[in-house]
Amino acid sequence: MAEETPGQAAPRPLPPGLDLLWGRRERGKRGPRPGLSADAIVGAAVRLADAEGLEAVSMAKVAAELGFTTMSLYRYVASKEELLQLMWNASATGAEDLVIEGPDWRTRLRGWVGIQWDMLGRHPWITQMPMAVPPAAPNSLHFVERGLETLDGTGLSDMDKLRIIGLLSSYTLSEARMAADAKRAMKAAMEAAAHAEPAPADASAPPDGGMPDSYEALLRELVDEKTYPHLYRLAWEPAPQEQPSEREQFLWGLDTILDGVAALIERAG
């Protein structure tokens with residue numbers, strides 16, 4: 001627990017969840033049955049979310065996963081909203097020990113973003129988390145600190161560094177969210193198709209029931225050359241022999257942003 005130092009003002013109260021993460025509130029005491037703790041609860045919640053998505057996480061399901069009653073969890077975690085904060089912090093475990101090396105700022109910053117992208121791939125439920133405020137949990141701030149360090153020596157102000165870190169995080173999260181949403185939609189469509197009654201055979205209809213198999217195919221159904229000339233060309237131009245992977249498309253956008261950062265550094269220096 002944080003204590004007031006003589007001559008200094010008492011620490012300001014923190015919102016629920018952050019007070020627990022920053023040691024401003026005592027963790028729940030061990031009950032009569034060993035094995036339950038805030039860390040165990042968060043670990044079980046993360047496992048559930050990894051396996052089934054964020055919608056699968058409830059206090060009742062976490063309690064069942066651990067073999068305790070739902071009410072026993074509230075000795076350690078005050079609410080589901082607090083649990084989500086603890087899960088967010090847990091997803092960045094190890095950030096304080098990260099060492100991001102490279103010969104220049106671009107290599108280091110690209111590596112930092114790659115770590116974030118990989119973490120979102122391991123925990124796609126993070127893209128479903130409410131994000132109304134900037135990160136303030138200990139592990140999240142460690143990760144932000146590592147990102148700021150990658151821009152040392154560039155001549156940029158600390159505020160510009162923070163803006164760049166925020167821009168890259170927003171881009172990474174947006175791309176990860178779209179990828180995760182697409183995967184969830186595809187899974188739901190496959191499950192629905194598996195339980196649907198077979199439709200009568202129709203030689204004129206495509207085998208998938210009429211749904212275009214790509215964005216380009218959808219555009220061909222919707223756009224005409226006069227109204228949408230650019231989209232029309234995109235829809236009808238020959239497809240490349242090899243489609244870029246999800247990660248390659250992400251890195252293309254990342255390098256485009258980093259080109260802008262390089263221009264900003266040049267103007268600063």
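Between the residues Ile100, Pro130, Val42, the greatest Cα displacement towards the positive end of the dipole of the chain, with unit charges on the Cβ of Lys, Arg, Asp and Glu, is found for Val42. Arranged from fewest to most other beta-carbon atoms within 10 Å of their beta carbon, Phe250, Phe143 become Phe250, Phe143. Charge tally around Leu98: other residues with Cβ under 14 Å, Lys/Arg +1 each, Asp/Glu -1 each, net -4. Only Lys, Arg, Asp and Glu carry charge here, each on its Cβ (+1 for the first two, -1 for the last two); on that basis the chain has a dipole of about 1160 debye about its Cα centre.
Counting neighbouring beta carbons within 10 Å and listing from fewest to most, the residues Arg25, Arg220 come out as Arg220, Arg25. A helix-only calculation puts the chain at -18000 deg cm²/dmol for mean residue ellipticity at 222 nm, using -39500 (n - 2.57) for each DSSP H run of at least four residues, averaged over all residues.
Loop-located GluC sites (Glu not before Pro) across segment 216-269 with a Cβ neighbour count of 15 or fewer within 10 Å are Glu225, Glu242, with loop assigned by DSSP.
Of [x] 7, 31, 39, 20, 3; [y] 5, 20, 25, 22, 17, 8, 3, 0, 0; [z] 7, 28, 34, 22, 7, 1, 0, which one was derived for P(r) over Cα pairs in 10 Å bins from 0, in percent from the structure shown? Given [x] 7, 31, 39, 20, 3; [y] 5, 20, 25, 22, 17, 8, 3, 0, 0; [z] 7, 28, 34, 22, 7, 1, 0, the structure-derived one carries the label [y]. Using Cα centres only, tell me the gap between segment 221-269 and segment 123-151 in whole Å. Each part's Cα centre sits 27 Å from the other's.
Label positions at Glu197 and Arg184, each projected 7 Å from the Cα along the C-beta direction, are separated by 3.0 nm. Ordering Arg12, Arg267, Arg163 from the fewest to the most neighbouring beta carbons within 10 Å gives Arg12, Arg267, Arg163. Here the Gaussian network model covers the chain, with springs between Cα atoms less than 10 Å apart; of Thr69, Thr227, Thr150, Thr227 fluctuates the most.
Laboratory data are not the source of any read-out in this text; all were calculated from the coordinates shown. Computed from a predicted structure; not experimentally measured. Glycine also receives a Cβ, built like all others from the backbone with ideal geometry; neighbour counts cover every protein chain displayed.
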